[in-house]
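A short write-up of the structure that comes next.
What follows draws every value from the coordinates through simple rules; no lab data is involved. Quick caveat, the model's predicted, so the values are computed rather than measured. Glycine gets a Cβ as well: all are built from the backbone with ideal geometry, and neighbour counts include every protein chain shown.
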Amino acid sequence: MRRFPPIWALALLLAILPTTGCLFRTRPVEERYSKAPLQESTQQGLIEGINRQAETIQSIKATVDIDSSAGGMKKGHVTDYKEIRGYVLARKPGWLHMIGLMPIVRTTAFDMVSDGQDFKLWIPPKNKFVVGRNQMTASSSDNPMENIRPQNIYDALLIHRIDAENEIAVLENGYETLHDGKGHRVLQDDYELTVIKKSDSGWVLARKIIFGRTDLKPHRQVIYSDDGKVVTDAHYAEYKDYSGFGFPSRIEIYRPQEEYDITLNMLKLEINTPLRDDQFVLEQPPGAVVIHLDQPQSSSIMPTSLQTQ
């Protein structure tokens, strides 16, 4: 059997390509680039914008509608919870008080506070009062209200400044995938600031802040643990003017490790309203089952009335 040299085999293949349609197929591109006008900025300009907002906004007082869900691949199912009315108070450097009301009857679904170090969480429907440190991880309950931690809400609501002494921010020109009015995928350029920080073990990935190019505002913030896992993925949308402050009217907070997400839809928002210390106080209700997360489970769960005997 006669063999053709490699060069002749290649020439023969190129010769027959135009006469057959079995070797290739042309198809339209599904994604397209956005035609929206884009704004320009620099790495320093984006950092200054984040720091300026962090220094200017000292407190917020909001009435919100809360959508939440719990579950995912780990649990094998997802449970969606009805929209509930909520009230949020936040004050720097780390104070937060958030109350959620049950639909229709408007009784308290949960009440939680944090002073930046410790938190308290009261869940009346289950008669649970949870106390612990902000750094403690949540349980794997199907109810997102039992997994939620005030510090997670605070960190998503008020983006922290970039500390030049202990953090380094690196700029990347990336893109985000959007959808147009017909549901088609659209690619749009964005700016991405990757922030690394000093830790006891060296430099670690801290967070990534993604800015939209149409308004140069944060559209997403991804927060990492010291071992590089995503702990919070927050999305910011529909910025509005609130007494001269640009702030997102919808914030979605996803916690992949605990598999729950909470969306805050702003109904009313006041920025830099003076807030008193007593607005961040939550007392243990009589007869509640108290759970101290920093104690062994067997000794941490008991009614409040028994703990005081």
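Can you give the FRET efficiency for Arg52 and Thr26, using 1/(1 + (r/R0)^6), R0 = 51 Å, r = Cβ-Cβ distance, to the nearest 0.05?
Computed FRET efficiency for Arg52 and Thr26: 0.55.
Convex hull over the alpha-carbon atoms of the range 65-186: what's its volume per residue in Å³? Walk me through the intermediate numbers first.
Details: hull volume 22.5 nm³, N = 122.
Spelled out: Cα convex hull of the range 65-186, divided by residues, is 185 Å³.
Please go through the residue pairs Lys35/Lys240; Lys75/Lys229; Lys120/Lys229; Lys74/Lys198; Lys74/Lys120; Lys61/Lys128 and name each one whose alpha carbons sit more than 21 Å apart in this structure.
Lys35/Lys240; Lys120/Lys229; Lys74/Lys198; Lys74/Lys120; Lys61/Lys128
Could you work out how far apart the two model spin labels at Leu178 and Thr79 are, taking each label as a point 7 Å from the Cα in the direction of the beta carbon, and quote it in nm?
Result: 3.7 nm between the two label points.
Under the rule of at least 5 residues apart or a separate chain, name every residue whose amide H is placed under 5 Å from the amide H of Gly72.
His77
What length, rounded to one decimal in nm, is gained on full extension from Lys197 through to Glu165, with 0.36 nm per residue of separation minus their alpha-carbon distance?
This chain segment gains 10.6 nm when fully extended.
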